[in-house]
Amino acid sequence: MTPIGSALSLTPFNFILISMSQIAELTLDGKKYEFPIIEGSEQEKAIDISKLRDQTGYITIDSGYKNTGATKSAITFLDGEEGILNYRGYSIEDLAEKSSFLEVAYLLIYGELPTEKQFAEFEHEIRTHTLVNEDMRKIFEGFPVNAHPMGVLSSLVSAMSAFYPDANGQNSEEATQLHIIRLLAKLPTIATWSYKKSQGHPVNYPQNDLDYCSNFLNMMFSLPVAKYNVDPVVSAALNKLLILHADHEQNCSTSTVRLVGSSHANIFSSISSGISALWGPLHGGANQEVIEMLEAIKADGGDTQKYINMAKDKSSGFRLFGFGHRVYKNFDPRARIIKKAADDVLNKLGINDPVLEIAQKLEKAALEDEYFVQRKLYPNVDFYSGIIYRALGIPTNMFTVMFAIGRLPGWIAQWKEMRENKEPIGRPRQIYTGAPKRDFVLMSERK
Ligand code: SDX
C-alpha cells in the first residue's frame with residue numbers, strides 16, 4: 001500500500017497519487033486531470049476512473065484485472081498480505097469454529113447472522129425444497145456415465161431456468177427469494193446424482209428430517225440394502241469445509257456470476273456460468289488436480305523434490321497445484337484451518353493416508369525453496385481440502401462439485417448485491433492490435 005501522503009510516479013505519463021487530498025492527479029500530454037480516491041471500510045483505497053475515457057480519451061489496461069476493482073461490495077473482505085478473510089465482518093476462523101454452513105449462507109446472502117426464528121424459517125424453507133422435478137432426472141439420464149460431474153451440474157442448474165421460467169425478466173423480491181431457496185436446496189440433491197450413476201447405484205431422495213450436510217451424505221452414500229448412519233465427525237468436517245469455501249470476493253467464478261447477472265440473465269443461468277468457471281484447473285478444479293498430483297508423486301516413489309524442481313522449470317509446463325494465489329501473498333487462512341482439520345479428521349476416522357504425508361513433505365520443501373518464497377507461493381484452499389474429501393469417501397472427480405456446493409451462497413449473495421445495487425451491464429474495453437482497415441479481395445483474386 002502506498003503510505004499516506006507519499007507520491008507515486010510512473011512513466012510514460014506522470015501519475016501522482018496525492019492521497020492526503022483524496023484525489024489522484026494524472027498528467028497526460030501536458031494536461032492535468034483529477035480523479036477521486038475512494039476508501040473502503042477496511043481502509044482499502046481505489047482511484048475512481050469511471051470518467052477517465054470521457055475526460056482523457058484513454059482507457060486503462062490490466063490483464064487478469066490484477067489491479068482493477070470491478071465493484072464495491074459489502075459481503076467479503078480479504079487482505080492477501082495479512083492472510084485475513086472475513087464474511088460480513090466475521091472472521092473465517094470464528095465462523096469455521098462456531099457457525100454452521102446454513103447459518104453462514106444466511107449471513108452472506110442477507111447480511112446479518114440470523115436469529116433463532118429467522119434461522120428456523122430459513123432451514124425449514126430449504127428442507128422443504130430439496131426435491132428435484134422428476135423431469136430433471138430425465139435430462140440427467142441422457143448424460144454418459146463418465147460425464148464429469150461439474151459439466152452435469154452446470155448443465156442441470158442452467159436447466160432449472162426452464163423449470164422455473166418466472167426467473168427470467170424482472171423478479172419480485174419474493175420470487176428471487178424462492179429461487180435462492182431452490183438453488184440452495186436442490187444443488188446437493190443434483191450433485192449426488194453423478195456419483196450414484198457412476199457407481200451403478202439408484203439415486204437417493206433427500207430426507208427432510210436430516211440437516212443440510214447429513215442429507216447430502218445420506219444421498220451420496222446410503223443404499224437401498226442397508227441403513228446409512230451419518231458419522232457426526234464426517235458431517236462436522238463437511239460443514240467446516242463448506243463454510244471455508246462459501247465466498248471469496250471477486251474471484252474468477254464470482255466475477256463470472258456477476259458479469260452474466262449484469263445482463264439481467266436469470267439467477268440459474270448466472271450460477272451455472274459460475275460453476276463452469278470454477279471447473280477450471282487454475283481455479284476450483286485445482287482440488288482435483290492436487291490429489292492427482294499427490295497420487296502421481298506417490299506412484300513415482302514420493303520424490304517431492306523432483307516435482308518442486310519441475311514446478312520451477314517453466315519449460316516443464318508443470319505447476320504445483322494447490323500453491324499460489326492471485327491475492328494471498330501470505331498463507332491462505334482457509335488452508336491453515338483445513339490443514340489442521342485434515343489431521344483431526346483422519347485421526348478421528350482412524351485413516352492413515354500416505355498422500356497426507358506427501359502433501360506435508362511437499363509443503364515443507366516448497367516453503368523452504370527460494371523460488372516459492374520469492375514469489376510468495378503458499379498453499380491455498382485447494383491444497384489440503386482434497387485429502388479431507390477423500391477421507392469422507394468423496395471421489396476425486398466430485399471434489400470441485402463440493403467446492404461449488406460451498407461457494408453457492410457466495411455466488412448468490414454477490415449476484416443479489418449486484419442486482420440490488422442496480423449495477424450496469426459489465427462491458428470491459430480493449431486496445432485493438434489487429435490489422436488496420438483494408439479492402440475486401442475477391443477469392444478469385446487471392447493468391
Ligand atoms: C482458487 O481468486 C480466488 O480467490 C480463487 C480461490 C477462491 O476461493 O475462489 O481462492 C480458489 O482458485 C485457489 C487457486 C487454485 N489454483 C491452483 O492451485 C493452481 C496453481 N496455482 C496457480 O496456477 C497460480 O498460482 C494462480 C492461478 C492461483 C495464481 O496465478 P497468478 O496470480 O496469475 O500468478 P502467476 O500465474 O502470474 O504466477 C506468478 C509467478 C509465475 O512465475 P514468474 O513468471 O514470476 O517466474 O509464480 C509462478 C508463475 O509461474 N507460479 C507458480 C505457481 N503459481 C504461480 N509456479 C509453480 N507452481 C505454482 N502453483
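None of the figures in this text is laboratory data; all of them are computed from the coordinates on show. Just so you know, these numbers come straight off a predicted model, no measurement behind them. Positions of Cβ are generated from backbone atoms using ideal geometry, with glycine treated the same way; all protein chains shown enter the neighbour counts.
Numbers at a glance
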{"read-out": "Low-density loop cleavage sites - chymotrypsin sites (Phe, Trp or Tyr not before Pro) in the stretch 51-134, where at most 14 other Cβ are within 10 Å (DSSP)", "value": "TYR58"}
{"read-out": "Normalised alpha carbon radius of gyration of the stretch 234-277 [divisor 2.2 N^0.38 Å]", "value": "1.37"}
{"read-out": "Cα-based convex hull, the stretch 164-303, per residue volume (Å³, whole number)", "value": "164 Å³"}
{"read-out": "Residue with peak Gaussian network fluctuation, the chain [Cα springs, cutoff 10 Å], from LYS340, LYS416, LYS314", "value": "LYS314"}
{"read-out": "The chain: most fluctuating residue of LEU187, LEU52, LEU244 per GNM, C-alpha cutoff 10 Å", "value": "LEU52"}
{"read-out": "Global form of the stretch 68-157, assessed from the alpha-carbon gyration tensor, a/c cut-off 1.5", "value": "oblate"}
{"read-out": "Global form of the stretch 298-367, assessed from the alpha-carbon gyration tensor, a/c cut-off 1.5", "value": "oblate"}
{"read-out": "Pairwise FRET efficiency - LYS138 versus GLU39, Cβ, R0 = 51 Å, nearest 0.05", "value": "0.45"}
{"read-out": "Isotropic mean projected area of the C-alpha convex hull, the stretch 116-196 (nm²)", "value": "6.0 nm²"}
{"read-out": "Lys/Arg +1, Asp/Glu -1 at C-beta; the chain dipole; positive extreme among ALA391, SER214, ILE139", "value": "ILE139"}
{"read-out": "Fraction of alpha-carbon pairs over 14 Å apart in the stretch 208-249 - percent", "value": "52 percent"}
{"read-out": "Cα-based Rg and Dmax for the chain, where Dmax is the largest Cα-Cα distance (Å)", "value": "24.1, 80"}
{"read-out": "Residue list for the stretch 57-78, given a label point 7 angstrom along the Cα-to-Cβ vector of LEU28 and an amide N cut-off under 12 Å", "value": "57-61"}
{"read-out": "Inter-label distance, nm, simple model (7 Å from Cα along the C-beta direction), ASN352/ALA365", "value": "2.2 nm"}
{"read-out": "Alpha carbon centroid spacing (whole Å) that separates the stretch 246-280 from the stretch 215-239", "value": "29 Å"}
{"read-out": "Cα-based Kirkwood hydrodynamic radius, the stretch 43-94, one decimal, Å", "value": "13.5 Å"}
{"read-out": "Computed magnitude of the charge dipole of the chain (debye, nearest 20; Cβ of K, R +1, Cβ of D, E -1)", "value": "1300 debye"}
{"read-out": "Alpha-carbon centroid distance for the pair the stretch 342-368 / the stretch 75-123, whole angstrom", "value": "28 Å"}
{"read-out": "Estimated vicinal HN-Hα couplings, Hz - the stretch 288-304 in sequence order (Karplus 6.51, -1.76, 1.60; Gly, Pro = x)", "value": "6, 4, 4, 5, 5, 5, 5, 5, 5, 5, 4, 5, 8, x, x, 7, 5"}
{"read-out": "Likely footprinting exposure, ILE49, ILE243, fewest C-beta neighbours within 10 Å first", "value": "ILE49, ILE243"}
{"read-out": "Violating pairs (Cα-Cα greater than 29 angstrom) within the set LYS240/LYS361; LYS197/LYS416; LYS45/LYS376", "value": "LYS197/LYS416"}
{"read-out": "Filtered chymotrypsin sites (Phe, Trp or Tyr not before Pro), the stretch 338-442: DSSP coil and at most 11 other beta carbons within 10 Å", "value": "TYR432, PHE440"}
{"read-out": "Qualifying GluC sites (Glu not before Pro) in the stretch 339-426, DSSP loop, other Cβ atoms within 10 Å at most 12", "value": "GLU368"}
{"read-out": "√(5λ) per eigenvalue of the Cα gyration tensor, the stretch 216-368, largest first, Å", "value": "28, 26, 15"}
{"read-out": "Most fluctuating residue given options LYS138, LYS306, LYS437, as computed from a GNM of the chain linking Cα atoms under 10 Å", "value": "LYS437"}
{"read-out": "Quotient of Cα Rg and 2.2 N^0.38 Å for the stretch 167-236, N being how many residues it contains", "value": "1.35"}
{"read-out": "ARG375 versus TYR228: modelled label distance in nm, points set 7 Å from Cα along the beta carbon direction", "value": "4.0 nm"}
{"read-out": "Lys, Arg +1 and Asp, Glu -1 on Cβ, resulting dipole of the stretch 268-350 about Cα centre, debye, nearest 20", "value": "380 debye"}
{"read-out": "Degrees separating the helix 354-367 axis from the principal Cα axis of the chain, which is the longest one", "value": "20 degrees"}
{"read-out": "The stretch 175-315: relative contact order in percent, alpha carbon pairs under 8 Å with at least 6 residues between", "value": "12 percent"}
{"read-out": "Residues MET136, MET402, MET443 arranged by fewest to most Cβ contacts within 10 Å", "value": "MET443, MET136, MET402"}
